[in-house]
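The values are calculated or read from the model by the stated rules, or taken from the named source; none is laboratory data. The model shown is predicted, which means the values in this text are computed figures rather than measured ones. All Cβ positions, glycine included, derive from the backbone under ideal geometry; neighbour counts span all protein chains shown.
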Amino acid sequence: MQSTPWSDTQKILALVIPVCFIVVIFVWMFFPPRLGDGATAVLNTLVGTLGSLTAMIITFYFGSSRGAANKDSTIATLAGAQQAVPTESVKPPTG
């Protein structure tokens, strides 16, 4: 598979976002926020968004997108193998 400039960034974000989500949940369990209702609502929204991003990342790497990526690499491999096979040159009949 061809590497793009974004491929490393995507992998790093796919690792950092779930780790941040887990850290936030553990911090929230041991140090619950003592804020007003409005600030707690905003914090709930932000943690919910981080949880949704984590779910999307897990779904991408372990769901149907993983199979699609494998299929794409298989097709690329097969297409490369077909191009690598030399074809016999057909000579016109003489006679």
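Within segment 56-74, does at least one residue satisfy the condition of being modelled with pLDDT under 70 and among the hydrophobic types (A, V, I, L, M, F, W, C)? Scanning segment 56-74, I find no residue that is modelled with pLDDT under 70 and among the hydrophobic types (A, V, I, L, M, F, W, C), so the answer is no. Residues that are over 27 Å from ILE57 (Cα atoms) and either touching a residue at least 24 places away in the same chain (Cβ under 8 Å) or within 25 Å of the chain's Cα centre (by Cα) (or both) within segment 20-41 are absent altogether. Within segment 27-47, the residues that satisfy the criterion of being surrounded by 10 or more Cβ atoms within 10 Å (Cβ to Cβ) and in a helix (DSSP H, G or I) are VAL27, TRP28, ALA39, THR40, ALA41, VAL42, LEU43, ASN44, THR45, LEU46, VAL47.
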